[in-house]
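Quick one: the structure is below, questions incoming.
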Amino acid sequence: MGEDLEKLKQRLPLLDYLRQQNWIARPAGHGSEFVGLCPLHRDTRPSFYVNARKNLFYCHGCGQGGDLVRFIQLSRRLSFHQSLAYLQQHEAAPADPAAVPEQVAVFYQQQLHRYPEARQYLKQRGLHDPGAIQELRIGYAPGGSLRRHLTTQGYSCDLLQRLGLLNTRGCDAFYQRIIFPCCHGGRVINLYGRSITAAVAHRFLPGSKGGLYAWEQVQQCPEVILVEGLFDYAVLWQAGFRHLTCSFGTHLSTHQFQQLCDRRRTVYLAFDVDANGSGQQAARQLAQRLRAQGITTRRVLLPNGHDPNSFFVQGGDAGQFQALLEAAQS
Ligand SMILES: [Zn+2]
C-alpha cells in the first residue's frame, strides 16, 4: 500500500491535479512554490500554497495542509480509503486526446522552474518578470521526459506520435526548447517551440495554430499591435501592452488576414527593421492589402536593425515604445 501510494502521488503530482481542476496559480517567489485562491474555503486573497517539489499544500486561510490524498479527502469529503479509490479511478479514466496539449503545456511550465539554462535564455531575450512568464504560460521542453510523463497517464505512444509530440523514433519531438502554448476557444491547441541552444527554426505541432496568436483577447480592441514573433509579443506583454497579437512571421495566412479585417480597426505593424529591408517591405505590402479592406494601418519604425524584442533587450522601455506607436506612419 505504502509504495503504491507513493507511486500514485508521483504519477499524479498535486499541482497537476489542481490544474486539471482549473486551479489558477502564480509562482510564489522563487523555485517550486505556487499560490492561488484556496479551493477549500471561501478565499478572497490567494492564501493556498503548493510546493511542487515537496508535492504538498498549505492554506494560510483555513489552516489545512497535506498531500494529494489529504486534498481529495477535504475537497470531496471522502475517507482516506475512498480518496485512494477515487484517485485510482481518476487515473484510469480514458485519456482524451484533445486534453493532451493542455497537459503538455502544464508539464512544460513546471519544467521551466527546474532548468536554470531555460530561465537564463529567457533573461537573454529580455524576459525576466515571473508574472509575465506565468501569464503567458511559457514553459521549457528539456526533451527526454515527456513521453514517460504522458504514457504513465494512459496515453499511447501511437497517439502521441500522431499529435507530433513524439517523433518517428518515439522520442520527444521538442528538445531544449522554450514553449509557448497557443490557445483557441480557451483550450491549448498547439505549442510553439524555440530552441535555446541552436539557431534552428522554430517549430509547432502539426495541425492548426489557431490563426493569430491570442486573437480572442484583442478581437474587440479598436487598435491592435501586430508583431512577427512570440518573443516580440512577450516583451511587449511584459512592458504592459495588451492590445497585441502575433502572426508567427511576416507572411500572414488567409485566415490571419481575414481576422485582422473582421471589423474597422487600426493595426500597428511592428515588424523587424532588418538590414535587408525584408521586414519593412512585408509591412508595406501588408499595410496596402489591409487598407484595401478598409483597415487603418500604421507602420512602427523601430531603430535600424531592431525588432520589438531586441528594442527592449537593449534597454528600450514602455514609454519609448509608446512614443514609437504615436509617431507611427500611416
Ligand atoms: Zn483555505
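Would you be so kind as to identify which of Gln89, Val200, Gly164 lies farthest towards the positive end of the dipole of the chain, taking Lys and Arg as +1 and Asp and Glu as -1 on Cβ and the Cα centre as origin?
Of the listed residues, the answer is Gln89.
Could you tell me which trypsin sites (Lys or Arg not before Pro) in region 1-81 are loop residues by DSSP with no more than 14 other beta carbons within 10 angstrom of their beta carbon?
Arg42, Arg53, Lys54, Arg77
Would you work out what percent of the accessible area of region 156-214, with all protein chains in place, is carbon or sulfur (probe 1.4 Å)?
52
Further question on the same structure: Expressed as a rounded percentage, what relative contact order does region 108-250 have, with Cα pairs under 8 Å and six or more residues apart?
19
Taking the Cα atoms of region 102-180 alone, what are Rg (to one decimal) and Dmax (as a whole number) in Å?
Rg, Dmax (Cα atoms, Å): 13.1, 38.
Given R₀ = 25 Å, what would the calculated FRET efficiency be for Asp317 paired with Ala275, taking r from the Cβ atoms and rounding to 0.05?
0.55
Return one whole number: the accessible area per residue of the chain in Å², for a 1.4 Å probe.
Accessible surface, normalised per residue, equals 49 Å².
Also, I was wondering about something else. How large is the helix-only mean residue ellipticity at 222 nm for the chain, computed as the sum of -39500 (n - 2.57) over DSSP H runs with n ≥ 4, divided by its residue count, in deg cm²/dmol to the nearest 500?
-11000 deg cm²/dmol
Now a separate question. Please report the antiparallel percentage of the DSSP beta bridges confined to the chain, to the nearest 5.
Bridges in the chain that DSSP calls antiparallel: roughly 70 percent.
Could you grab the relative contact order for region 273-315? Cα pairs under 8 Å, six or more apart, rounded to a whole percent.
45
I'd like the trypsin sites (Lys or Arg not before Pro) in region 196-257 restricted to DSSP loop residues with at most 14 other Cβ atoms within 10 Å, sorted by number.
Arg242
Straight-line reach from Lys9: which aspartates and glutamates have Cα under 15 Å away, leaving out those fewer than 8 places along the same chain?
Result set, ordered by chain and number: Asp67, Glu91.
Continuing with this model, one more query. What distance in nm lies between label points placed 7 Å from Cα along the C-beta direction at His251 and Gln10?
The modelled label-to-label distance comes out at 4.8 nm.
Same structure again: Given a cut-off of under 8 Å on Cα pairs at least six residues apart, what relative contact order in percent is computed for region 1-130?
So the answer I get is 16 percent.
Amide H to amide H under 5 Å from Ile225: which residues, 5+ apart in sequence or cross-chain, H placed 1.01 Å off N in plane?
Leu244, Thr245, Tyr268
List every residue whose amide H lies under 5 Å from the amide H of Val188, counting only residues 5 or more places away in sequence or on a different chain, with H placed 1.01 Å from N in the peptide plane.
So Val188 has HN proximity to Glu102.
In the neighborhood of Thr197, defined by Cβ-to-Cβ distances under 11 Å, what is the net charge if each Lys or Arg adds +1 and each Asp or Glu adds -1?
That works out to +1.
Counting Lys +1, Arg +1, Asp -1, Glu -1, what net charge surrounds Gln220 among other residues with beta carbon under 10 Å of its beta carbon?
+1
Could you tell me the calculated FRET efficiency between Ala327 and Arg114, based on Cβ-Cβ distance and R0 = 56 angstrom, to the nearest 0.05?
The calculated FRET efficiency here is 0.85.
Would you mind classifying the chain by shape? Square roots of the alpha carbon gyration tensor eigenvalues, ordered a ≥ b ≥ c; an a/c under 1.5 is rounded, otherwise it is prolate if a/b is larger than b/c and oblate if not.
prolate
Evaluate the distance, in nm, between pseudo-label points positioned 7 Å from the Cα of His243 and of Ala199 along their respective Cα→Cβ axes.
My value for the distance between the label points is 3.7 nm.
Grab the Cα-Cα distance for Gln88 and Cys157, subtract it from 0.36 nm times how many residues apart they are, and report the gain in nm with one decimal.
Residue separation times 0.36 nm, minus the Cα-Cα distance, leaves 22.7 nm.
Here's another thing I want to ask about it. Region 103-131 to region 32-80: how many Å between their Cα centroids?
24
Efficiency by 1/(1 + (r/R0)^6): what FRET value for Asp129 and Ser79, r their Cβ-Cβ distance, R0 = 35 Å, to the nearest 0.05?
The computed FRET efficiency comes out at 0.20.
The values are calculated or read from the model by the stated rules, or taken from the named source; none is laboratory data. A quick note: this is a predicted structure, and the numbers were derived from the prediction, not measured. FYI the Cβ positions are ideal-geometry reconstructions off the backbone, even for glycines, and counts take in every protein chain you see. Note: areas computed on protein heavy atoms with side chains; ligands, DNA, RNA excluded. Shrake-Rupley method; radii C 1.70, N 1.55, O 1.52, S 1.80 Å.
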